1. Please turn the phi angles of the stretch 30-45 into ³J(HN,Hα) values with the Karplus equation 6.51 cos²θ - 1.76 cosθ + 1.60 (θ = phi - 60°), one per residue in order, whole Hz, x for glycine and proline.
2. Can you give me the long-range amide H partners of Gly86? Hydrogens built in the peptide plane at 1.01 Å from N, cutoff under 5 Å, separation of 5 or more residues or another chain.
3. Students often check this: by mean Cβ neighbours within 10 Å, which of 168-174, 60-66, 264-270, 87-93 ranks highest, and how do the rest follow?
4. Can you give me the accessible area per residue for the chain, using a 1.4 Å probe, in Å²?
5. Do any of Lys112/Lys274; Lys32/Lys205; Lys137/Lys191; Lys148/Lys172; Lys66/Lys191 go past 18 Å between their Cα atoms, and which?
6. For the chain, set up a GNM with springs between Cα atoms under 10 Å and report which of Ile140, Ile175, Ile201 has the largest fluctuation.
7. Work the Kirkwood hydrodynamic radius out for the stretch 156-296: mean of 1/r over every pair of different alpha-carbon atoms, inverted, in Å.
8. Just to check I understand the Karplus step: with θ = phi - 60° and J = 6.51 cos²θ - 1.76 cosθ + 1.60, what whole-Hz values come out for the stretch 139-152, glycine and proline as x?
Amino acid sequence: MKKVINLFLALPILFSLSCKSLQTSLIAKDAKVQLVSSEYSFTEGPAVAPNGDVFFTDQPNDRIIKWSAKDKAVSVYMEPSGRSNGLYFDHQGNLLSCADDKNQLWRIDSQKNVTVLIDDFEGKKLNGPNDLWIDPKGGIYFTDPFYKRPYWTRTEQEIEEQRVYYLTPDQKDIIIVAEDYVRPNGIIGSKDGTRLYIADIGDKKTYSYTINPDASLGNKALFANMGSDGMTMDNQGNVYLTGDGVTVFNPQGEQILHIPIDQKWTANVTFGGKNQKTLFITAMTSLYTLDMNVHGIR
C-alpha cells in the first residue's frame with residue numbers, strides 16, 4: 001500500500017515537470033524578455049521584412065518604426081503614416097498597412113510610395129481596417145472592427161456589421177468572409193494557406209477556419225476561450241494570442257505557455273530577426289524581444 005500511495009503522490013510532480021518542460025522548450029535556454037525601447041505612446045502591428053527587419057507602429061504619434069536586424073537599432077521609418085495600425089509584408093516585399101486615419105488599406109513600396117488598395121466597401125466607408133494576413137496567392141484577409149478615433153470627423157459607422165473581408169490577389173474584388181462577430185481584431189493564417197485564425201476580441205473568443213479554394217471560410221470552430229488584439233504562429237503550428245502578456249496555444253487549442261509582460265496590455269506579436277527566431281512583442285509604450293527555439297513562418 002505504501003508504494004501505491006507514493007506513486008500517486010509522485011504523479012502531480014511528474015505532471016508539473018512535464019508541463020514545465022513543454023513550456024520552456026519553446027523559449028531559448030536562459031532567455032528572458034528584453035526591453036528594446038519604451039519611447040512610444042502605443043505600439044502595434046509588428047511585421048517582419050524578408051531580411052528580418054521588424055516594422056511596427058506608434059499609432060498615436062502617426063509613425064512607423066523600424067527595428068534593424070543588422071544593428072539591432074530602432075529608428076523612425078515613416079511619419080506621418082496614415083495612422084497605421086496592423087502591418088504585413090506582401091510577397092513582393094511591399095509593406096501593407098491598415099491605415100486608420102481614413103479607414104484605408106495601403107501598400108507602401110521600398111521608396112515609401114503609397115498606393116491605396118481599399119478605401120470603401122460598396123460605396124460605404126469601412127469601420128477601420130485593423131489587422132491583416134496575406135495568403136499564399138497574394139490575397140489579403142483583414143479585420144474591420146469599429147474603434148471610434150478622436151482624430152476622425154465622422155462619429156457613426158457607415159457599415160453596421162464588424163466583418164472580416166478578403167481582397168482578391170488581383171485587388172479587384174472585396175469579399176465578405178465572416179460577419180457574425182462582435183468585434184473581430186487579430187488574424188493569422190497557416191503557411192500553407194489552409195487554415196485561418198480570427199479573434200473576436202469583443203466576445204473574448206478565437207476561432208479557426210478551413211480556407212476553401214475560393215478563399216471563402218468553412219468549418220468554423222472555437223479555438224480558444226479568449227480574444228486577442230494581434231496574433232502570430234510558429235513553425236510548430238502554435239498560435240500566439242495577446243492581451244494579458246502573450247498566451248500560446250498548440251494546434252489543438254490547448255494552452256501550453258504564458259509569457260508575462262510588465263505592461264497593462266500586450267497589443268501584438270510577431271517573429272523576426274535572423275532566421276525569425278526572436279519573438280517581438282508590442283505592449284503599450286514599448287517593444288520587447290524574447291529569443292525562441294521555434295521560429296516564424298514568413
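1. Result, ordered by residue: 6, 6, 10, 4, 10, 7, 8, 7, 9, 9, 10, 8, 6, 8, 7, x Hz.
2. Cys98
3. Numbers: 168-174: 13.1, 60-66: 19.1, 264-270: 22.7, 87-93: 17.0.
For the peptides 168-174, 60-66, 264-270, 87-93, the packing ranking is 264-270, 60-66, 87-93, 168-174.
4. Values: 14200 Å² over 298 residues.
Computed with neighbouring chains in place, this is 48 Å² per residue.
5. Numbers: Lys112/Lys274 24 Å; Lys32/Lys205 29 Å; Lys137/Lys191 11 Å; Lys148/Lys172 28 Å; Lys66/Lys191 24 Å.
Long pairs (Cα-Cα over 18 Å): Lys112/Lys274; Lys32/Lys205; Lys148/Lys172; Lys66/Lys191.
6. Ile175
7. Values: mean 1/r = 0.0634 Å⁻¹.
Over the stretch 156-296, the inverse of the mean reciprocal pair distance is 15.8 Å.
8. x, 10, 8, 8, 8, 9, x, 10, 10, 4, 9, x, 8, 7
The values are calculated or read from the model by the stated rules, or taken from the named source; none is laboratory data. Only a predicted model underlies this, so the values are computations on that prediction, with no experimental measurement involved. Ideal geometry is used to build each Cβ from the backbone, glycine not excepted, and the neighbour counts take in all protein chains shown. Just the protein is used for accessible areas: all its heavy atoms, side chains included, with ligands, DNA and RNA removed. Shrake-Rupley method; radii C 1.70, N 1.55, O 1.52, S 1.80 Å.
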